[in-house]
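K.L.:
Quick one: this structure, given as C-alpha cells, is what I'll be asking you about.
The values are calculated or read from the model by the stated rules, or taken from the named source; none is laboratory data. A quick note: this is a predicted structure, and the numbers were derived from the prediction, not measured. Please note: Cβ atoms are built from the backbone with ideal geometry, for glycine as well, and neighbour counts cover all protein chains shown.
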Amino acid sequence: MKKTTNLMRKSLVRIALAAAIVAGAAACKLYTNDDSYQGRAYFGSTISISDQQVWERNYIANRLSQMYDKFEGDTNVVVVTELGEQVGLGAIRKGILDFTVHEPEYLLNWKDLKVFFEIMASGVGWDTVIDVPARGTFILSETSDGKKALQREGVSGTTSSFSGESVYFVYVDRNCKITGGYRRIEQFAYTLNAFALNLSQGWNAVYLKQTYTSPGNSIFTMEIKNPDLRWVLMPLTL
C-alpha cells in the first residue's frame, strides 16, 4: 500500500493532539503524578477492557490535577484498524468503559506499518527497522457518531518539565523486534531517544512519552509498557 489512508491520517492527528497537550500545558503549575503501576503489555489475540472510568480533557485547566474531568455519560464505542476493519465494539455506560478487540484479518506490510512508528510530531520521527518481515496494524477507537476519539493517555510533571503520555495497541503477525536510533532534530528542538520494541505475536501495548523541558526542548521515548493511564475522550478533528 503506497498511500497513507484517511485512518492513518486520523491516527497521526491523535498522536499530534497527544503531543500538543505537552506544549499547551507547559505553563501550568506542575504536580507529580504517580504512574508507577505497570499494566499488562501483551494481550495475545484478544484485548478485553472492562470496568474502566472514562475522562474528558479540560482544556482550560492550569494544574495537572485538573487536566481531566470525569465523564459520566453514555455512548457506544467502535474499534477499527488502520485499514478500516472493525475489530471491536464497546460501550460507555455512566462513564464506565467496556470493550473487546478481536484478532484482525487484514494487515499492513512493514513499509506501511512503519509510518506509525516514524511520524510523531511536526511530520518527523524516528528512522526504524524491523528484524523480520512482520505485518501488523493498530487500533483506532472512537464514539459511534465519529465525533470523539477514545485514547489512553496521561500527564505528569516536575517543577521544570511536563510530560504527555499515551498507550497505543499494535498487532503483529509474528514475534519481531522494531528498533529506532537516537536522533536530534534541531529545527524543532526534538530529541528522539533510541528504542527497541520486542513485540510478540498478537496485540501489544506501545507507550509513547513526550517530555517538554523549560528551555523549550522536547524529548520523545517509546517502549513496550502499559502504565496506569486514563481512558480519555477527546474531540476528533482533522
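K.L.:
For the list (1) modelled with pLDDT of 85 or more; (2) over 18 Å from the mean Cα position of the chain (by Cα); (3) part of a loop (DSSP other than H, G, I, E, B), I need the number of the one condition that Leu83 fails.
P.N.:
Among (1) modelled with pLDDT of 85 or more; (2) over 18 Å from the mean Cα position of the chain (by Cα); (3) part of a loop (DSSP other than H, G, I, E, B), the lone unmet condition for Leu83 is (2).
K.L.:
How many of the residues making up region 116-169 are at pLDDT below 90, buried (at least 20 other Cβ atoms within 10 Å of the Cβ) and more than 15 Å from the chain's Cα centre (by Cα)?
P.N.:
The qualifying residues number 3.
K.L.:
Can I ask one more? Please name all residue pairs, on different chains or six or more residues apart, with Cβ atoms under 7 Å, provided the first residue is in region 199-220 and is charged (D, E, K, R) and the second residue is surrounded by fewer than 21 Cβ atoms within 10 Å (Cβ to Cβ) and outside any loop (DSSP other than H, G, I, E, B).
P.N.:
Between residues of region 199-220 that are charged (D, E, K, R) and residues that are surrounded by fewer than 21 Cβ atoms within 10 Å (Cβ to Cβ) and outside any loop (DSSP other than H, G, I, E, B), the close pairs are Lys209/Thr221.
K.L.:
Same structure, new question: Is it the case, given these coordinates, that Gln66 is at pLDDT below 95, of a type in the set (S, T, N, Q) and touching a Phe, Trp or Tyr at 6+ places or on another chain (Cβ under 8 Å)? Show your work before the answer.
P.N.:
Details: at pLDDT below 95: yes; of a type in the set (S, T, N, Q): yes; touching a Phe, Trp or Tyr at 6+ places or on another chain (Cβ under 8 Å): no.
Here the answer is no, as Gln66 does not meet what is asked.
K.L.:
Further question: When the residues of region 99-153 are filtered to those that are of a type in the set (A, V, I, L, M, F, W, C), part of a strand (DSSP E or B) and free of Cβ contacts under 8 Å to residues at least 60 places away in the same chain, which remaining residue is farthest from Tyr207 (Cα to Cα)?
P.N.:
Taking region 99-153 and keeping what is of a type in the set (A, V, I, L, M, F, W, C), we get 99, 101, 107-108, 110, 113, 115-117, 119-121, 124, 126, 129-130, 132, 134, 138-140, 149-150.
Retained after the next criterion (residues that are part of a strand (DSSP E or B)): 99, 101, 108, 121, 124, 129-130, 138-140, 149-150.
Okay, now just the ones that are also free of Cβ contacts under 8 Å to residues at least 60 places away in the same chain, so 99, 129-130.
Working: Phe99: 20, Val129: 18, Ile130: 18 Å.
It comes out as Phe99.
K.L.:
Restricting attention to region 40-59, and to residues there that are over 26 Å from Tyr171 (Cβ atoms), modelled with pLDDT of 85 or more and not polar (S, T, N, Q), which single residue is surrounded by the fewest Cβ atoms within 10 Å (Cβ to Cβ)?
P.N.:
Of all residues in region 40-59, those over 26 Å from Tyr171 (Cβ atoms) come to 56-59.
Add one more test, that the residue is modelled with pLDDT of 85 or more, and what stays is 56-58.
Cutting the leftovers down to not polar (S, T, N, Q) gives us 56-57.
On the way: Glu56: 18, Arg57: 20.
Once the filter is applied, the top-ranked residue is Glu56.
K.L.:
If you take the residues of region 77-111 that are out of contact with any helix residue (DSSP H, G or I) (no Cβ under 8 Å at 6 or more places or on another chain) and of a type in the set (D, E, K, R), which of them is farthest from Tyr168 (Cα to Cα)?
P.N.:
Looking at residues that are out of contact with any helix residue (DSSP H, G or I) (no Cβ under 8 Å at 6 or more places or on another chain) and of a type in the set (D, E, K, R), I get Lys94.
K.L.:
Let me ask something else. Could you check Asn109 against (1) closer than 29 Å to Asp127 by Cα; (2) surrounded by 19 or more Cβ atoms within 10 Å (Cβ to Cβ); (3) among the polar types (S, T, N, Q) and say which number it fails?
P.N.:
Among (1) closer than 29 Å to Asp127 by Cα; (2) surrounded by 19 or more Cβ atoms within 10 Å (Cβ to Cβ); (3) among the polar types (S, T, N, Q), the lone unmet condition for Asn109 is (2).
Each row is one residue, and each column tells you yes or no for (1) more than 19 Å from Arg40 (Cα to Cα); (2) in contact with a Cys (Cβ under 7 Å, 6 or more places away or on another chain); (3) of a type in the set (S, T, N, Q).
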residue	(1), (2), (3)
Lys177	no, no, no
Gly180	yes, no, no
Ala194	yes, no, no
Gln210	yes, no, yes
